[in-house]
Amino acid sequence: MTPAALYWLFALAITVHNLEEGLFLPAYAGATSRLSGRVTPFAFRFALVVLTAAAYVVVALAVAGSHQATQLLAGLAVVMVVNAVVPHLALTVAFRRYAPGTGTALCIMLPLSLLVIAHGLAADAMSGRSLLIATVVVAVVLIVVIPLLFVAGRFVERYASRLSANGAT
């Protein structure tokens, strides 16, 4: 498999994973009292759409030959490996019920993430040190950006409801 095909497959896997979460996680969080009320379903889905689009941008840049994008993609792959275990597998075990996203995280994201990482290391596209740096960068960016996307999603949701309340289409 070419690196480009692997990267686009990784982006598609992120899409499938985020679709599963977007469709089923809001109801799951509402039914699980420890998780409910943190973010509206619209704001959550808004954040997923933006993050999925951002992944496609990174993949496109990596396919176009950007060394930095290739490293960020590998860093994202490490973050997705961690994401498969915490929170997905951990929530499934802790609540003794399937947590949305667990299946796609373990069956699709985990193997493809490991392939992206292995390819980057085997092709000398990065060292262990640069992979660690890229992983930290991606993790920090996500920790900062996700709450901001929730806020932006709530803003868009309120703005859209005002438009529809005023009869605008």
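The values are calculated or read from the model by the stated rules, or taken from the named source; none is laboratory data. Note that this is a predicted model, so its numbers are computed, not measured. FYI the Cβ positions are ideal-geometry reconstructions off the backbone, even for glycines, and counts take in every protein chain you see. Heads up: the accessible areas ignore ligands, DNA and RNA and are worked out on the full protein's heavy atoms, side chains in. Shrake-Rupley method; radii C 1.70, N 1.55, O 1.52, S 1.80 Å.
Taking Cα atoms, how many degrees apart are the long axis of helix 41-63 and the longest axis of the chain, rounded to 10 and kept between 0 and 90?
Taking the Cα atoms of the chain, the angle to 41-63 is about 20 degrees.
List, in order, the whole-Hz ³J(HN,Hα) value for each residue of the range 129-138 obtained from phi through the Karplus relation with A = 6.51, B = -1.76, C = 1.60 and θ = phi - 60°; use x for Gly and Pro.
Result, rounded to whole Hz: 5, 5, 5, 4, 4, 4, 5, 5, 4, 4.
I'd like to compare 124-130, 40-46: which one has the highest average count of other Cβ atoms within 10 Å, and what's the full order after that?
40-46, 124-130
Heavy-atom accessible area per residue, the chain, 1.4 Å probe: how many Å²?
Spelled out: the 1.4 Å probe surface of the chain, per residue, equals 55 Å².
Quick one: check the C-alpha center-to-center distance for the range 118-141 versus the range 19-87, whole angstrom.
18
Among 98-108, 60-70, how do they line up from the highest to the lowest mean number of other beta-carbon atoms within 10 Å?
Details: 98-108: 19.4, 60-70: 16.3.
Descending mean neighbour count gives 98-108, 60-70.
Give me the angle, in degrees from 0 to 90, between the Cα long axis of helix 110-122 and the longest principal axis of the Cα atoms of the chain, rounded to the nearest 10.
30
Select from Phe42, Val141, Val63 the residue farthest towards the positive end of the dipole of the chain; place +1 on Cβ of Lys and Arg, -1 on Cβ of Asp and Glu, and compute about the Cα centre.
Positive-most Cα among the choices belongs to Phe42.
In units of 2.2 N^0.38 Å, what is the alpha-carbon radius of gyration of the chain?
This ratio for the chain stands at 1.12.
Whenever you get a sec, compute what percent of the accessible area on the chain sits on carbon and sulfur atoms (1.4 Å probe).
That share works out to 73 percent.
To the nearest 10 degrees, how steeply does helix 3-31 sit against the main Cα axis of the chain, on a 0 to 90 scale?
Orientation of helix 3-31: about 30 degrees from the principal axis.
Let me see the pair-distance distribution of the range 82-126: every alpha carbon pair, 5 Å bin width, integer percents in order.
It works out to 5, 24, 22, 16, 12, 10, 6, 4, 1, in whole percents.
So what's the back-of-envelope 222 nm ellipticity for the chain, counting only DSSP H runs of four-plus at -39500 (n - 2.57) apiece and dividing by all residues, rounded to 500? Before the final figure, lay out each step's value.
Details: 6 runs with 126 residues, N = 169.
Using -39500 (n - 2.57) per qualifying helix, the result is -26000 deg cm²/dmol.
Taking only the alpha-carbon atoms of the range 65-104, what semi-axes of the equivalent ellipsoid follow from 5 times the gyration tensor eigenvalues under a square root, in whole Å, largest first?
Values: eigenvalues 169, 13, 4 Å².
Here the semi-axes work out to 29, 8, 4 Å.
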